[in-house]
Every structure is written in structure tokens, then in C-alpha cells.
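Reading through the C-alpha cells given below for one structure.
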Amino acid sequence: MFDSAAKALFHLLAASRSLKKLASQYGMRKPTSFARRFIAGETVEEAIAAARAIETQGMMHTLDHLGESVTSVADADAATRDYLRVIDAVKQSGVIRNISVKLTQLGLSVDRITAIDNMRRILDAGEGFFVRLDMENSPFTDVTLEVLETLWNLNYRNVGIVLQSDLYRTDEDVKRVNALGARVRLVKGAYKEPKTVAYQRKADVDAAYVRQMQVLLVEGNYPAIATHDPNMLEATKRFARERGI
């Protein structure tokens, strides 16, 4: 999990075009540059090459076209068409067919129905793909879960969701998604959230993460345990060994 200062820095970067340009110019310059740890590439071709490299190490991956919070239906349509091009490129490349999307990138902040329609375009085009709904900051948690349930009730089974352990509500959200039968990727949470909705201490977030991880491993549908924290990874492996999972 990012600490408060790191979260603030990343959101400052996201909001500034000048800082984005500098991050692109210097952070992506070489394969060893710092941004390469988080960003596969600035083109589809670079991302697919990075995905192939990951697959040679026996690991899986998901591709995410970065962006969120579009302000018009036209921008949402453009983002959707970008994803359709990514899907075509992935099909042609033969790499693993996993992608992740942010609903605000598809127009959720503009019109909920537009976002659902755009998600259906992506899911219909992505036959054989697994598509994960990225979770955004807490004002979007309820509606993101509602969109997942809407898509599930329309018989889309190639869609899952991300849940964030730092939110107080996530224990119940884990149960909600498990009852649906959808797949969860569990993360700690990268957004700077107020104390009214989220744990502020790392120890509390860690405890929530372990608690939710255990429920997902026992009751969930092919959960993804997504963290860079070695303590959380070790706790997951230890629990899996103890339960024979």
C-alpha cells in the first residue's frame, strides 16, 4: 500500500500534464527506468512485448489502457475504441487475454448507461478474454459494484472486479461478490481516502487485507491476491499451505 505522502505524489502526477510529460520522458527512457516498474509501455506494441517477457517467466498479467474520468460521451467512445484496438492487437499477438478497465474512462461520470453500453462493447469483442473492472476512489465503489451486477445479470461471465482493503466496507463487499460468483482481485488501495471511509494506519489495512484474503481463498472464485507487500504474500502462502489450497 502507498503511504499518504506517496498517494498524494501519484495523484499530483496524474493531475499535471507537465509532470506526466516529464515522467514519460525520463521515467520510461530505458528498460530499467523507474516508471517501467508500473507501466508496460506507451504503445500497444511495447505493452505486448512486456507481456511476452512476463509470460516467459511463467507469470500471468493484465493489460490496462491508462486513463480515467472522461468528461463527454465522445471521449468515452474514443476510450472504448482504444480498448477494442488493444483487444485486436492481443488476439493477433497470442499473449494471455486479460485486460482491466476503469469505468470512468468509459463514461461513468457522464452517464451510467453509456458506461455499461461501452463495457458490453468491450466484453462482446473480447471473446475468450477476462475483463476486470478496476476499482476507483470511494465515491465510485457502489456504482462499480452495481455495474458488475448488471453485467452479470446480463449473463456476462468473463468479467470481475477489484476490491480495496483499506475501505471499511470491503469485508461486506467481498461477501457480496463471492455470493454473485464473480472473481475478485484484492488490493490494498492506492487512493488517498478520508478517515470516514478508510483505515489510515498500515497495520489496520494489513489486518483487513489478511482477513479478506482468507475469505477469498476459501470462498471465492479464482481470486487474485495483488500486492507488492512481501508480508502479505507470505501470509497468503502460509494460509494456503495450512488449508491445503
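Some points to look at:
- HN-Hα J in Hz across region 136-151 - Karplus 6.51, -1.76, 1.60, θ = phi - 60°, x for Gly and Pro: 9, 5, 4, x, 9, 5, 4, 5, 5, 5, 5, 5, 4, 5, 4, 5
- Region 161-183 and region 65-80 have their alpha-carbon centroids 26 Å apart.
- Using θ = phi - 60° in the Karplus curve 6.51 cos²θ - 1.76 cosθ + 1.60, the 3J(HN,Hα) couplings for region 98-114 round to 10, 9, 10, 9, 9, 5, 5, 5, 9, x, 4, 6, 8, 6, 4, 4, 4 Hz; x is entered for Gly and Pro.
- Between amide H atoms placed 1.01 Å from N, distances below 5 Å from Ala198 occur with Tyr168, all of them 5 or more places distant or on a separate chain.
- Of the solvent-accessible surface of region 181-245, computed with a 1.4 Å probe over protein heavy atoms with every protein chain present, carbon and sulfur atoms account for 54 percent.
- Taking region 88-218 as the region of interest, the number of lysine pairs whose Cα atoms are within less than 29 Å, with members eight or more places apart or on different chains, is 12.
- The mean accessible area for residues of region 39-183, using a 1.4 Å probe and ignoring ligands and nucleic acids, is 44 Å² per residue.
- Per-residue extension of 0.36 nm, minus the Cα-Cα distance of Ile54 and Asp111, leaves a gain of 16.9 nm for this segment.
- Shape analysis of region 133-227 yields a ratio of the Cα radius of gyration to the Kirkwood radius, Rg/Rh, of 0.95.
- Contour minus Cα-Cα distance for Asp82 and Leu233 (0.36 nm per residue): 51.0 nm
- In Å², nearest 10: area of Thr80 left accessible to a 1.4 Å probe: 0 Å²
The values are calculated or read from the model by the stated rules, or taken from the named source; none is laboratory data. Note that the structure is a prediction, hence the values are computed from the model and not measured. When the accessible area is computed, the model is the full protein with side chains, heavy atoms only, and any ligands, DNA or RNA have been set aside. Shrake-Rupley method; radii C 1.70, N 1.55, O 1.52, S 1.80 Å.
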